[in-house]
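**Student:** Below is one structure. I have some questions about it.
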Amino acid sequence: MRLMQWTRRGALGAAAGAALALGFAFPAVAQTPPGVLVVGQIAEPKSLDPAVDTAVNDFRILMNVYDGLVRYKSGTLEVEPALAKSWEISEDGTENTFHLRDGVKFHDGTDFDAEAVKFNFDRMLNEDHPFYDTGPFPLAFFFSAIETVEVVDPLTVKFTLNAPYAPFLSNLAYPTGLIVSPAAVREHGSDFGRNPSGTGPFRFVEWRSNEAVVVEKNPDYWDGAPPLDAVVFRPITDSNTRTAEMLAGGIDLMVEVPPVSLSEFQNTDDYTVHEQAGPHVWFLILNAKEGPFADKRVRQAANYAVNKKALVNDVLEGTAEVAAGPTPPAFAWAHNDDLEPYPYDPEKARELIAAAGAEGAELTFYVTEGGSGMLDPVAMGTAIQADLEAVGFDVKIETYEWNTFLGEVNPGLEGKADMAEMAWMTNDPDTLPFLTLRTEAWPENGGFNSGYYSNPEVDRLLEEARVATDQARRAELYKKMQVIVHEDAPWVFVANWKQNAVTSDAVKNFQLEPSFFLLLDDVVKN
Amino acid sequence: MGGYILKRLLSAIPVLLGITVIVFAIMTLIPGDPATAILGSYATPENVARINRELGLDKPVVQRYFIWLGNMLTGDFGTSFSLDRPVIDEVLERFNATLVLAGTSFVLCSFFGILAGVISAARQYGWADKAITFAVLLGISIPSFFLGMMMILIFAVRLQWLPVSGMYAIYGGGGLVDLISHLTMPAIALSVVATGVIARLSRSAMLEVLRQDFIRTARAKGVGERRVIWRHALRAAMVSIIPVLGIQAGFVLSGAVYIEIVFQWPGVGRMLVDAILTRDILLVQGGVVFVAACYVMFNIAVDVAQSLLDPRIRT
């Protein structure tokens, strides 16, 4: 029996030790402090240098630390003044002169002026610039239209473009156009990304790798100091863990709530679920060059055959809306509201397929396992396969990991596949159609028109819209383009994603933006 | 002895070189490239070429391998482009976190595994044996990531006894107590399967020893049962238990990948998964080479220790 006595003593000891450890642990599970907002992010940021970053996840931090010359008006994708008070565009559209706000200082105490603006764009665009080596700057091509940046006087800066370029202003509102402190870049060189300094409502405090990025209130913010004392951005890659942290009170704000977890936060006063449709479109590229989809009727049939409502409501649990055409409704000024989504009509689809003689056609369908903006691509691919088989196609799915998938799809579908999933999120209505629908954008010309759609009228409308500086004229051209593309059906238009976020009941004045940026300068936490 | 250690160290060099070739080849051969991963939708051939040039990926493969190897020999593992910081800083920081997690789990599973094995062997077919055997079967059958998620739901979300994730509290964190509160759930979740395996093998190793003559002799001489079990039998059984512990150490280390993801533990496993998905070539290569080098050194240490106990191995 002595053995049992020993283990009993041992068990008692172990239990006491465990209780002690747990007892000590309790205080650590405190709620987040008042005035400090803890945000659950989806990944560790790459850098806090806006010229270097490309991911929405990193933009969420950047937009609170920096300002651009211009920004999107709250709740829209229309540009309004920020660090620039006003601007003029020359008659021919190539000279853009900005008048800068007076008295603005970077967080490091240096002045924001025209020299700083010039430094920012020269650093990204000019290979001979002494700080060009703080790159690479992957999205610098957003500003490749810039020929020169001139300092007219300390508060006036002039951009000369090599050709009129309508999306220039909205590109300036994009995070790549945020203005960094030249003094901080000179001091830290390529470590600037971990020692950022901007003019924004919050200033950088510390970055603990894989744990948190902490920023604090900038009391001298030119647009009024924010109510929050500090914001902590925590990277939590696994969405289930992020949900658990939200439920346990370890974070106050959670972005990108997985559809299956939404019900945890609905129908309760403890949380608020926020939703906002953004400039996102999820579609199927159809190979219009060869195979059954070379016939417009078969492409239209695919649009009728896919039950988009079921995809959006059942697979995506209402986290997206049915897309009507190539331009997301979030671009309110450029979106053609008369356009209706293709209805779900398998009968009509069968008729069109019969008319085209494509009954029983075999289709190869590229599906990705994940990827930026792709939502739930495997489940969606499977549901689409079932819909297409129901109208008589024989669909074979090939699944690829995201980067491999891009390597297969971007060079074009010819000889490989009939259709592929794709999603884009852009900041200007020009970007997506210009890069994916023009004849000039076929893969061999360096574009993303992987399905080889070609319509001279669409080409003409898009070329004209790109150089038109009058927004009303641009809107008219984009609306015409949408009607033609809808009819030609180079894609199956599937969904526009609604970004979501959950806040705890302590958080007030939070709202999601159609730009998908996270702006925290008005947020209050008790 | 010194000669033996030197010989083992020299023999590690071709192994490590082989590892560098394999990991470099894999990262070069897998489809998808870092520029596409960085640019996503904007990966035009023109942009890809520009990024590749700036990352130095436009040079011939063989040249790239020797540049990488040469830099590494001088201690320069390069810069991770997905994290924009030196690879070696990231790897050391992350490896440290993994060691804390895997080390704790290894201690837990060795201790409780052997304890359970010994008790159930000593009480063969008794209620304690049956209870332990059942618990062990249960433990082996539950996938560790599932157990981890269940523990989060119960102890962190419902009861709020322990924090959900991370290694230290964001506010007022730091210190051993904070670390232990964050470590408890992942360490337990990670050790459960290994505990079961060790318990099973310890039980059978003990049963075998307990049937031997010297145990009967000890009992006949009137040695107390507790002393027979813990001193005579366990010491003899350890000869077959120790190799199992060595294998389980490897399993715990590789199992840490899932647990690190579930509990957002900032370890090297999660780092490698993220790095592979973003095609962060230098981070993957540096991380794998570092972990492999540690593993090789660990094996040499084990061999040396064994040769100290059993001089026959040295020849």
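The values are calculated or read from the model by the stated rules, or taken from the named source; none is laboratory data. This one's a predicted model, so the numbers in the text were calculated from it and none came from an experiment. Cβ: placed from backbone, ideal geometry, glycine included. Neighbour counts: every protein chain shown.
**Student:** Take A:GLY189 and tell me if it is more than 10 Å from chain B (Cβ to nearest Cβ), modelled with pLDDT under 95 and farther than 25 Å from A:SER74 by Cα.
**Tutor:** Numbers: more than 10 Å from chain B (Cβ to nearest Cβ): yes; modelled with pLDDT under 95: yes; farther than 25 Å from A:SER74 by Cα: yes.
Against the criterion (more than 10 Å from chain B (Cβ to nearest Cβ), modelled with pLDDT under 95 and farther than 25 Å from A:SER74 by Cα), A:GLY189 qualifies.
**Student:** Moving on. Which condition number in (1) touching a Pro at 6+ places or on another chain (Cβ under 8 Å); (2) within 14 Å of chain B (Cβ to nearest Cβ) is the one that A:PRO201 fails?
**Tutor:** It fails just one condition, (2).
**Student:** Working only within region A:338-350, note down all residues that are in contact (Cβ under 8 Å) with a residue 12 or more places away in the chain, in a helix (DSSP H, G or I) and among the charged types (D, E, K, R).
**Tutor:** A:LYS348, A:ARG350
**Student:** What pairs come up if the first residue lies in region A:138-163 and is closer than 10 Å to A:HIS99 by Cα, the second is acidic (Asp, Glu), and their beta carbons are under 8 Å apart, counting only those six or more places apart or on different chains?
**Tutor:** Pairs that qualify, where the first residue is closer than 10 Å to A:HIS99 by Cα and the partner is acidic (Asp, Glu), are A:PRO154/A:ASP113; A:PRO154/A:GLU115; A:LEU155/A:ASP102; A:LEU155/A:ASP113; A:VAL157/A:GLU150; A:LYS158/A:GLU95; A:LYS158/A:GLU150.
**Student:** Go through B:ILE38, B:ILE22, B:ILE5 for me and flag whichever is under 30 Å from B:LEU277 (Cβ atoms) and surrounded by fewer than 18 Cβ atoms within 10 Å (Cβ to Cβ).
**Tutor:** The conditions single out B:ILE22.
**Student:** Is it the case, given these coordinates, that A:SER239 is surrounded by fewer than 23 Cβ atoms within 10 Å (Cβ to Cβ), of a type in the set (Gly, Ala, Ser), in contact (Cβ under 8 Å) with a residue 12 or more places away in the chain and within 30 Å of A:PRO341 (Cα to Cα)?
**Tutor:** Criteria not met by A:SER239.
Every residue, every condition in (1) under 30 Å from B:GLN160 (Cα atoms); (2) at pLDDT 85 or above; (3) surrounded by fewer than 18 Cβ atoms within 10 Å (Cβ to Cβ); (4) within 14 Å of another protein chain (Cβ to nearest Cβ), yes or no:
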{"site": "A:TRP6", "(1), (2), (3), (4)": "no, no, yes, yes"}
{"site": "A:LEU22", "(1), (2), (3), (4)": "yes, no, yes, yes"}
{"site": "A:LEU37", "(1), (2), (3), (4)": "yes, yes, no, yes"}
{"site": "A:GLN41", "(1), (2), (3), (4)": "yes, yes, no, yes"}
{"site": "A:GLU44", "(1), (2), (3), (4)": "yes, yes, no, yes"}
{"site": "A:VAL65", "(1), (2), (3), (4)": "no, yes, no, no"}
{"site": "A:LEU69", "(1), (2), (3), (4)": "no, yes, no, no"}
{"site": "A:LEU77", "(1), (2), (3), (4)": "no, yes, no, no"}
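**Student:** Which residues, counting only those in region A:206-218, are over 19 Å from A:ARG71 (Cα atoms) and either buried (at least 18 other Cβ atoms within 10 Å of the Cβ) or at pLDDT 95 or above (or both)? Explain how you work it out, then say what you get.
**Tutor:** Restricting attention to region A:206-218, the residues satisfying the condition of being over 19 Å from A:ARG71 (Cα atoms) are A:206-217.
Selection gives A:TRP207, A:ASN210, A:GLU211, A:ALA212, A:VAL213, A:VAL214, A:VAL215, A:GLU216, A:LYS217.
**Student:** Output yes when any residue across region B:270-283 is of a type in the set (A, V, I, L, M, F, W, C), within 14 Å of another protein chain (Cβ to nearest Cβ), over 22 Å from B:ILE22 (Cβ atoms) and surrounded by 17 or more Cβ atoms within 10 Å (Cβ to Cβ), and no when none is.
**Tutor:** Scanning region B:270-283 turns up no residue that is of a type in the set (A, V, I, L, M, F, W, C), within 14 Å of another protein chain (Cβ to nearest Cβ), over 22 Å from B:ILE22 (Cβ atoms) and surrounded by 17 or more Cβ atoms within 10 Å (Cβ to Cβ).
**Student:** While we're here: Going through A:ASN303, A:ASN267 one at a time, which residue ends up being crowded, with 21+ Cβ neighbours inside 10 Å and of a type in the set (S, T, N, Q)?
**Tutor:** A:ASN303
**Student:** Same structure, new question: When you go through B:ILE241, B:ILE247, B:ILE259 one by one, which is the residue that is under 13 Å from the mean Cα position of the chain (by Cα), crowded, with 19+ Cβ neighbours inside 10 Å and β-branched (Val, Ile, Thr)?
**Tutor:** That would be B:ILE259, the only listed residue that is under 13 Å from the mean Cα position of the chain (by Cα), crowded, with 19+ Cβ neighbours inside 10 Å and β-branched (Val, Ile, Thr).
**Student:** I would also like to ask the following. Among the residues in region B:90-105, are any within 11 Å of chain A (Cβ to nearest Cβ), at pLDDT below 90, within 16 Å of B:PHE263 (Cα to Cα) and out of contact with any strand residue (DSSP E or B) (no Cβ under 8 Å at 6 or more places or on another chain)?
**Tutor:** no
**Student:** On to the next question. So, in region B:195-215, exactly how many residues are among the hydroxyl-bearing types (Ser, Thr, Tyr) and more than 12 Å from B:CYS109 (Cβ to Cβ)?
**Tutor:** The number of residues fulfilling the criteria is 1.
**Student:** OK, next. Which one of B:SER110, B:SER82, B:SER105 is crowded, with 22+ Cβ neighbours inside 10 Å and not in a helix (DSSP H, G or I)? Show your work before the answer.
**Tutor:** On the way: B:SER110 fails: not in a helix (DSSP H, G or I); B:SER105 fails: not in a helix (DSSP H, G or I).
It is B:SER82.
Residue-wise test of (1) farther than 30 Å from A:ALA305 by Cβ; (2) of a type in the set (Asp, Glu); (3) not in a loop (DSSP other than H, G, I, E, B).
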{"position": "A:PHE204", "(1), (2), (3)": "yes, no, yes"}
{"position": "A:TRP207", "(1), (2), (3)": "yes, no, yes"}
{"position": "A:ASN210", "(1), (2), (3)": "yes, no, no"}
{"position": "A:VAL213", "(1), (2), (3)": "yes, no, yes"}
{"position": "A:GLY224", "(1), (2), (3)": "yes, no, no"}
{"position": "A:PRO227", "(1), (2), (3)": "yes, no, no"}
{"position": "A:LEU262", "(1), (2), (3)": "no, no, yes"}
{"position": "A:THR272", "(1), (2), (3)": "yes, no, yes"}
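**Student:** Run A:VAL117 past the list (1) closer than 14 Å to A:PHE168 by Cα; (2) more than 14 Å from chain B (Cβ to nearest Cβ) and report the number of the one that doesn't hold.
**Tutor:** Tallying (1) closer than 14 Å to A:PHE168 by Cα; (2) more than 14 Å from chain B (Cβ to nearest Cβ), A:VAL117 fails exactly one: (1).
**Student:** While we're here: I'm trying to understand the selection: among the residues of region A:127-143, which are modelled with pLDDT of 90 or more, surrounded by fewer than 21 Cβ atoms within 10 Å (Cβ to Cβ) and either assigned to a strand (DSSP E or B) or within 27 Å of the chain's Cα centre (by Cα) (or both)?
**Tutor:** A:TYR132
**Student:** Pull out all pairs, ordered by first then second residue, where Cβ-Cβ is under 6 Å, the residues are six or more apart or on different chains, the first lies in region B:102-128 and is without any contact (Cβ under 8 Å) to a residue 24 or more places away in the chain, and the second is buried (at least 23 other Cβ atoms within 10 Å of the Cβ) and among the aliphatic types (A, V, I, L, M).
**Tutor:** Going by the 6 Å Cβ cut-off, the qualifying pairs are B:ALA128/B:ILE119.
**Student:** Another one. Going by what's in this entry, would B:MET72 be described as under 24 Å from the mean Cα position of the chain (by Cα) and closer than 17 Å to B:THR278 by Cβ? Explain how you work it out, then say what you get.
**Tutor:** Details: under 24 Å from the mean Cα position of the chain (by Cα): yes; closer than 17 Å to B:THR278 by Cβ: no.
When the stated conditions are applied, B:MET72 does not pass them.
**Student:** Could you tell me how many of the residues in region B:167-204 are in contact with a Phe, Trp or Tyr (Cβ under 9 Å, 6 or more places away or on another chain), more than 23 Å from B:PHE146 (Cα to Cα) and among the polar types (S, T, N, Q)?
**Tutor:** Total meeting the criteria: 0.
**Student:** Go over the candidates A:PHE98, A:PHE106 one by one and state the one that is in contact (Cβ under 8 Å) with a residue 24 or more places away in the chain, farther than 15 Å from A:ASP223 by Cα and over 17 Å from the mean Cα position of the chain (by Cα).
**Tutor:** Of the residues listed, the single one that is in contact (Cβ under 8 Å) with a residue 24 or more places away in the chain, farther than 15 Å from A:ASP223 by Cα and over 17 Å from the mean Cα position of the chain (by Cα) is A:PHE98.
**Student:** Would you be able to say whether some residue in region A:392-400 is in a loop (DSSP other than H, G, I, E, B), within 11 Å of another protein chain (Cβ to nearest Cβ) and farther than 20 Å from A:ALA320 by Cα?
**Tutor:** no
**Student:** Exactly one of (1) surrounded by fewer than 21 Cβ atoms within 10 Å (Cβ to Cβ); (2) at pLDDT 50 or above; (3) within 11 Å of chain B (Cβ to nearest Cβ) is unmet by A:LEU48. Its number?
**Tutor:** (1)
**Student:** Let me ask you something else. Condition first: touching a helix residue (DSSP H, G or I) at 6+ places or on another chain (Cβ under 6 Å) and buried (at least 20 other Cβ atoms within 10 Å of the Cβ). Now tell me which residues in region A:401-429 satisfy that.
**Tutor:** A:ASN403, A:LEU406, A:GLY412, A:ASP418, A:ALA420, A:GLU421, A:TRP424, A:THR426, A:ASN427, A:ASP428, A:PRO429
**Student:** Moving to a separate point now. Could you go through region A:106-115 and let me know if any residue there is in contact with a helix residue (DSSP H, G or I) (Cβ under 6 Å, 6 or more places away or on another chain) and either over 30 Å from B:GLU54 (Cα atoms) or assigned to a strand (DSSP E or B) (or both). Break it down stepwise before answering.
**Tutor:** The initial filter retains those residues of region A:106-115 that are in contact with a helix residue (DSSP H, G or I) (Cβ under 6 Å, 6 or more places away or on another chain), namely A:108, A:110.
Then keep just the ones that are either over 30 Å from B:GLU54 (Cα atoms) or assigned to a strand (DSSP E or B) (or both); that gives A:110.
Yes, some residue in region A:106-115 is in contact with a helix residue (DSSP H, G or I) (Cβ under 6 Å, 6 or more places away or on another chain) and either over 30 Å from B:GLU54 (Cα atoms) or assigned to a strand (DSSP E or B) (or both).
**Student:** When the residues of region B:131-163 are filtered to those that are in a loop (DSSP other than H, G, I, E, B) and over 22 Å from the mean Cα position of the chain (by Cα), which remaining residue is farthest from the other protein chains (Cβ to nearest Cβ)?
**Tutor:** For region B:131-163, the residue satisfying everything is B:LEU159.
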